[in-house]
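Visitor: The following block contains the structure, expressed as structure tokens.
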Amino acid sequence: MKQPIGIIGLGNMGMPIARRLLEAGHPVRVYNRTATRCDDLVAAGAKRAATPANAVPAAGIILSIVSDDAALADICNGPNGILACPDSIHVSMSTVGVATAQTIEDQHAAAGLAYLCAPVFGRPPAAAAGALWIALSGSVAPKERVAPVLAAFCAGVTDFGTVPGAANAVKLANNFLIGAAIEAVSEACALAESHGVKRAAFVELITQSLFDCPVYRIYGEAVAERHYEPAGFRLALGLKDITLALDAAATQSVPMPAASLVRDRLLSAVANGREAQDWAALDAEVSRAAGLAAPDPPR
């Protein structure tokens, strides 16, 4: 029989991950702060959990993917939190700060739980297709036990050792690269457009030649078409991640001037009401600064 799994957090990523595990034959218990998010999964065979602790199988594996550091702390602590369930393995797939990862790992160790940092790489369609990648860090024995579970929704796992926050540092560095790519392609499109070149034609050229890679294809198209909705990854979350990257860099005296520029661009977008749009909407702030037309923010 497949290992029973608990899943906490049924957002754009958690939902398809839960579906993949159900389809793979795992008994699944699900918890989400907004309980109605569980309904479709319950109809598909999952069990509904009333609290985070109730989602944890006895001496089992719990996967969490929540929005930020505060949400992760919330599901871990308190009488109904994960830390009330010793002898379990908590696989945290959220993008959180490096310092938060260390604090949470210390709390788990004191409570008798194993904690693995396992932030995911990919967008919701990749989760639905079982094509995510995971950066993994933490103790060796729990990694071996969760490996077949991760295989149900991942194309691959890269192990970054036993230091808990290492995988989170990798994830933050990755998200900085994505933000910098959006900034770069937005500036390049503004330059081309200012000289009468159609943005779509420019992006088609670069993504069929030197910049033929997923990030430039996905975000290049979004920028060229000014397609900011629906959000695959909300701009407010992008701002959160770039801020966390800068915080982690500051602890090691690592200057990241490009990250500072991206953060300021995202701050401007939030100030103009774009926080719920995809973070490709950073492009609208680039266009506005260049005196080019851009879609109005949502009302």
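The values are calculated or read from the model by the stated rules, or taken from the named source; none is laboratory data. Remember, predicted model here, so these are calculated numbers, not experimental data. Because the Cβ atoms are built from the backbone with ideal geometry, glycine has one as well, and the counts that use them run over all protein chains shown. Ligands, DNA and RNA are excluded from the accessible area calculation, which covers all protein heavy atoms including side chains. Shrake-Rupley method; radii C 1.70, N 1.55, O 1.52, S 1.80 Å.
Visitor: Express in % the proportion of alpha carbon pairs of the chain at distances exceeding 32 Å.
Guide: 30 percent
Visitor: Averaged per residue, what accessible surface does the stretch 85-175 expose to a 1.4 Å probe, in Å²?
Guide: Working: 3250 Å² over 91 residues.
For the stretch 85-175, the per-residue accessible area is 36 Å².
Visitor: If the chain between MET1 and ALA50 were fully stretched, how many nm would it gain, using 0.36 nm times the residue separation less the Cα-Cα distance?
Guide: 15.2 nm
Visitor: Something else: For labels at ALA24 and ASN77 in the simple 7 Å Cα→Cβ model, what's the distance in nm?
Guide: With each label placed 7 Å out from Cα toward Cβ, I get 3.2 nm.
Visitor: With the chain treated as a Gaussian network of Cα nodes joined by springs under 10 Å, which of ASP40, ASP106, ASP264 yields the largest mean-square fluctuation?
Guide: Looking only at ASP40, ASP106, ASP264, the largest GNM fluctuation is found for ASP40.
Visitor: Beyond 19 Å between alpha-carbons counts as too far, so tell me which of LYS2/LYS47; LYS47/LYS171; LYS171/LYS240 fall in that bin.
Guide: LYS47/LYS171
Visitor: Dividing the alpha-carbon radius of gyration of the stretch 130-249 by 2.2 N^0.38 Å (N being the number of residues), what value is obtained? The partial results should precede the final answer.
Guide: On the way: Rg = 17.7 Å, N = 120, 2.2 N^0.38 = 13.6 Å.
My calculation over the Cα atoms of the stretch 130-249 gives 1.30.
Visitor: Also: Which of the aspartates and glutamates could a cross-linker span from LYS143 if the Cα-Cα distance has to be under 12 Å and same-chain partners fewer than 8 positions apart are dropped?
Guide: Cross-link targets: ASP159.
Visitor: Same structure, new question: Which order do TRP133, TRP279 take when ranked by solvent-accessible area (1.4 Å probe, heavy atoms of all protein chains), largest first?
Guide: Highest to lowest solvent-accessible surface, that is TRP133, TRP279.
Visitor: Right, here's the next one. Which value at 222 nm does the chain reach when only helices count, each DSSP H run of 4 or more adding -39,500 (n - 2.57), with the total divided by all residues and rounded to the nearest 500 deg cm²/dmol?
Guide: My calculation for the chain gives -15000 deg cm²/dmol from helical runs alone.
Visitor: Which three extents, in whole angstrom, do the alpha-carbon atoms of the stretch 8-116 cover along their principal axes, largest first?
Guide: 37, 26, 24
Visitor: Cα centroid distance between the stretch 217-274 and the stretch 50-91, in Å?
Guide: First find each Cα centre; the distance between them is then 29 Å.
Visitor: With the crude spin-label approximation of a point 7 Å out along Cα→Cβ, what separation in nm comes out for ASP40 versus ASP296?
Guide: It works out to 3.2 nm between the two label points.
Visitor: I've got another one for you. Please compute the alpha carbon radius of gyration of the stretch 192-287, then divide it by the globular-protein estimate 2.2 N^0.38 Å. Two decimals is fine.
Guide: 1.17
Visitor: For the chain, which whole-number percentage of the solvent-accessible area (1.4 Å probe, protein heavy atoms only) is attributable to carbon and sulfur atoms?
Guide: Numbers: 7730 of 13280 Å².
Within the chain, the accessible surface is 58 percent carbon and sulfur.
Visitor: Cα convex hull of the stretch 1-63: mean projected area in nm², to one decimal?
Guide: Numbers: hull surface 14.9 nm².
The Cα convex hull of the stretch 1-63, projected and averaged over all directions, gives 3.7 nm².
Visitor: Using a Gaussian network model of the chain whose springs link C-alpha atoms within less than 10 Å, name the residue from ALA49, ALA169, ALA109 with the highest mean-square fluctuation.
Guide: The residue with the greatest mean-square fluctuation here is ALA109.
Visitor: Label-point separation (nm) for ASN272 and LEU177, each offset 7 Å from Cα along Cα-to-Cβ?
Guide: Inter-label distance under the simple model: 2.8 nm.
Visitor: So for the chain: antiparallel DSSP bridges make up what percent, rounded to the nearest 5?
Guide: 15 percent
Visitor: Give the Kirkwood hydrodynamic radius (Å, one decimal) of the stretch 64-210, defined as one over the mean of 1/r across all pairs of different Cα atoms.
Guide: On the way: mean 1/r = 0.0584 Å⁻¹.
It is 17.1 Å.
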